[in-house]
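Below is one structure; the comments refer to it alone.
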Amino acid sequence: MLKLFLLCTLAVASRAEVGEEEDVLVLKKSNIEEALKAHPNILVEFYAPWCGHCKALAPEYAKAAGMLKAEGSQIRLGKVDATEETELAQEYGVRGYPTIKFFKGGEKESPKEYSAGRQAEDIVSWLKKRTGPAVATLDGVTGAESLIADNEVAVIGFFKDPESADAKAFEKAAEAIDDIPFATTADDAVYSKFEVSKDGVVLFKKFDEGRNTFDGEMTKENLLSFVKANQLPLVIEFTEQTAPKIFGGEIKSHILMFLPKTASDFQDKMDQFKKAAEGFRGQILFIFIDSDVDDNQRILEFFGLKKEECPAIRLITLEDEMTKYKPDSDSITAESITQFCKKFTDGKLKPHLMSQDIPEDWDKNAVTVLVGKNFEEVVFNPAKNVFVEFYAPWCGHCKQLTPIWEKLGEKYKDSGDIIVAKMDSTANEIDSVKVHSFPTLKFFPAGDEHKVIDYNGERTLEGFTKFLESGGKDGGAPAGDEEEDLDAEDLDEEGQDDSDMEDGGEDDGHDEL
């Protein structure tokens, strides 16, 4: 009997306890399997205590956990301190903070990446769509009113026949959208309450005109286009919470107005911006950025702007390559913005490439200083082999590389055919060279072919020397074979500020753009 008691005691003790903080499960490598047995559906945030984005997410994440718990939902939220649970973070490929993954059905393998916004309502809506039917059936007027009241955006299909072709197309569209709730009704009272006289689809929202009614052939594609065009405000402010919606949306052409909220003419300029937005709904996303907010300074820098230069307008496309455009005029009126956008949609705008002025001593030191205005003249000189570091002043990895790069410059400063150079890629842009992470190292060998070779070897003086002495063969790869490109969302600094990844995550030696 004593033996049995001891065995039972040991068995209970061996079960790792799963603690909670503000309704959020505290997960570790030692208890995650136990947690998944008790709660098969868990959304897990991998965070770092020092991460600003994680701190901003924390209250919304806890609020979402509380909302689900209050509803009696079986879905739970959990969190992992990736700087402590390094092995667990590596197991799930955590490369930046916060990283959020959804474990469904108790399965520990291949969790789904979370892809919606960072407000509590976004989190809850996404999870419900992931675990329940794509389309809910409304319980009368009260159910419809609750759905609309509880969500920033909700889509209701009014179908007398739930088996109709239109209802089926509605269901297919709902399955393709994670972060917006879809529901249907055949109730006459709901039709009457919302003044719907015939079958159709209405998108309800807590901004702008309040609702949009679908008009056209009821197909999955047309419904998705309708939702895409109306699910965001005409003008959306860039914040921690809205960034995933902005960068994760299907509209990849964005016009940005940089303007301090404290400006005396703030509302007038916002009204002008919003008026222009009406003509480009679904084509161009209109985004407002408060230029006084400290967290937004990196974005101003990315566009070559300073606070004192605001208000300002810029346009960017986030396709395979990010391309920026600048209006000819500083005027911010509905007319001038509309003309600028019309030129863009008509393909009549030329990209705006930033460049600093050429420094007087650009070629007087061991490391040659390049800017946009002298770049091609230097690197495509057929008599020179040019090795260039593309850096950012705030980049931690670039700062670590600086003394080694200076030594390399000293080593070859008297060479007749090798130039060691650097360019600040936050202030200078080149049409022929795209930089997605820092530092990026590229070699431009002598000759008339304008070849470009990416350096992927060790960042040591010895490694660089071997590379140059081999003519770019030892440690090089054809341009375009970079280890990892960064997405537009890196403007939101998803990884870290200018710090290296802690021991809890992999580090590819690049800081994000």
- Query: Is there a residue in the stretch 392-400 that is touching a strand residue (DSSP E or B) at 6+ places or on another chain (Cβ under 8 Å), modelled with pLDDT of 95 or more and surrounded by 15 or more Cβ atoms within 10 Å (Cβ to Cβ)?
  - Reply: no
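For the stretch 321-334, enumerate the residues that are outside any strand (DSSP E or B) and open to solvent by 30 Å² or more (accessible area, probe 1.4 Å). It would help to see each step written out before you state the result.
Taking the stretch 321-334 first, the residues outside any strand (DSSP E or B) are 321, 326-334.
E321, K326, D328, S329, D330, S331, T333 - these are the residues of the stretch 321-334 that are outside any strand (DSSP E or B) and open to solvent by 30 Å² or more (accessible area, probe 1.4 Å).
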- Query: Only one residue in A38, A70, A58 is over 19 Å from R118 (Cα atoms), of a type in the set (A, V, I, L, M, F, W, C) and free of Cβ contacts under 8 Å to residues at least 12 places away in the same chain, so which one is that?
  - Reply: A70
- Looking at (1) among the small types (G, A, S); (2) surrounded by 14 or more Cβ atoms within 10 Å (Cβ to Cβ); (3) not in a strand (DSSP E or B), which is the one condition that is false for G78? (3)
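For L305, state whether it is of a type in the set (A, V, I, L, M, F, W, C), crowded, with 19+ Cβ neighbours inside 10 Å and under 20 Å from the mean Cα position of the chain (by Cα).
Working: of a type in the set (A, V, I, L, M, F, W, C): yes; crowded, with 19+ Cβ neighbours inside 10 Å: yes; under 20 Å from the mean Cα position of the chain (by Cα): no.
In short, no.
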- Quick one: in the stretch 186-233, of everything that is at pLDDT below 95, touching a helix residue (DSSP H, G or I) at 6+ places or on another chain (Cβ under 8 Å) and closer than 21 Å to A149 by Cβ, which residue is least open to solvent (accessible area, probe 1.4 Å)? V227
- Given (1) open to solvent by less than 40 Å² (accessible area, probe 1.4 Å); (2) under 24 Å from E171 (Cα atoms), where does K112 come up short, assuming only one miss? (1)
- Query: Out of the residues in the stretch 217-262 that are under 20 Å from the mean Cα position of the chain (by Cα) and without any contact (Cβ under 8 Å) to a residue 24 or more places away in the chain, which is farthest from K307 (Cα to Cα)?
  - Reply: E250
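Residue-wise test of (1) acidic (D, E); (2) over 30 Å from L88 (Cβ atoms).
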site: K104; (1), (2): no, no
site: K168; (1), (2): no, yes
site: E175; (1), (2): yes, yes
site: D178; (1), (2): yes, no
- Cβ-Cβ under 7 Å pairs, at least 6 apart or on other chains, the stretch 427-449 side assigned to a loop (DSSP other than H, G, I, E, B), far side open to solvent by 30 Å² or more (accessible area, probe 1.4 Å) and of a type in the set (S, T, Y): N428/S355; P439/Y391
- Message: Given the options I299, I313, name the one that is closer than 21 Å to A263 by Cα and in contact (Cβ under 8 Å) with a residue 60 or more places away in the chain.
- Response: I299
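Regarding the stretch 386-406, can at least one residue be identified that is over 36 Å from the mean Cα position of the chain (by Cα), closer than 29 Å to T323 by Cα and not aliphatic (A, V, I, L, M)?
There is no residue in the stretch 386-406 that is over 36 Å from the mean Cα position of the chain (by Cα), closer than 29 Å to T323 by Cα and not aliphatic (A, V, I, L, M).
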- Note on the structure: Within the stretch 371-388, the residues that are assigned to a loop (DSSP other than H, G, I, E, B), touching a strand residue (DSSP E or B) at 6+ places or on another chain (Cβ under 9 Å) and aliphatic (A, V, I, L, M) are V371
- Considering (1) under 29 Å from N296 (Cα atoms); (2) assigned to a helix (DSSP H, G or I); (3) open to solvent by 30 Å² or more (accessible area, probe 1.4 Å); (4) at pLDDT below 90, say which one H53 fails and leave the rest. (3)
- Item | Qualifying position, being more than 23 Å from N151 (Cβ to Cβ), loosely packed, with under 15 Cβ neighbours inside 10 Å, without any contact (Cβ under 8 Å) to a residue 24 or more places away in the chain and under 23 Å from the mean Cα position of the chain (by Cα), among D294, D265 | D294
- Task: For A421, state whether it is hydrophobic (A, V, I, L, M, F, W, C) and surrounded by fewer than 19 Cβ atoms within 10 Å (Cβ to Cβ).
- Result: no
- Only one of these conditions is not met by E84: (1) farther than 30 Å from V153 by Cα; (2) part of a helix (DSSP H, G or I). Which number is it? (2)
- Pairs with Cβ under 7 Å, 6+ apart, first in the stretch 190-215 and free of Cβ contacts under 8 Å to residues at least 24 places away in the same chain, second of a type in the set (V, I, T): R211/V202; T213/V202; F214/V201
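So that you can scan it fast, the table gives a plain yes or no per residue for (1) open to solvent by 60 Å² or more (accessible area, probe 1.4 Å); (2) in a loop (DSSP other than H, G, I, E, B); (3) at pLDDT below 95:
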| residue | (1), (2), (3) |
| --- | --- |
| S336 | no, no, no |
| K342 | yes, no, no |
| P351 | yes, yes, yes |
| M354 | no, yes, yes |
| D357 | yes, yes, yes |
| D363 | yes, yes, yes |
- Task: Please go through the stretch 126-160 and pick out each residue that is in a loop (DSSP other than H, G, I, E, B) and either in contact (Cβ under 8 Å) with a residue 60 or more places away in the chain or open to solvent by 80 Å² or more (accessible area, probe 1.4 Å) (or both).
- Result: P133, D139, E152, K160
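The values are calculated or read from the model by the stated rules, or taken from the named source; none is laboratory data. As the structure is a computational prediction, the values presented were derived from the model and not from experiment. Glycine gets a Cβ as well: all are built from the backbone with ideal geometry, and neighbour counts include every protein chain shown. Only protein heavy atoms, including side chains, enter the accessible area calculation; ligands, DNA and RNA are left aside. Shrake-Rupley method; radii C 1.70, N 1.55, O 1.52, S 1.80 Å.
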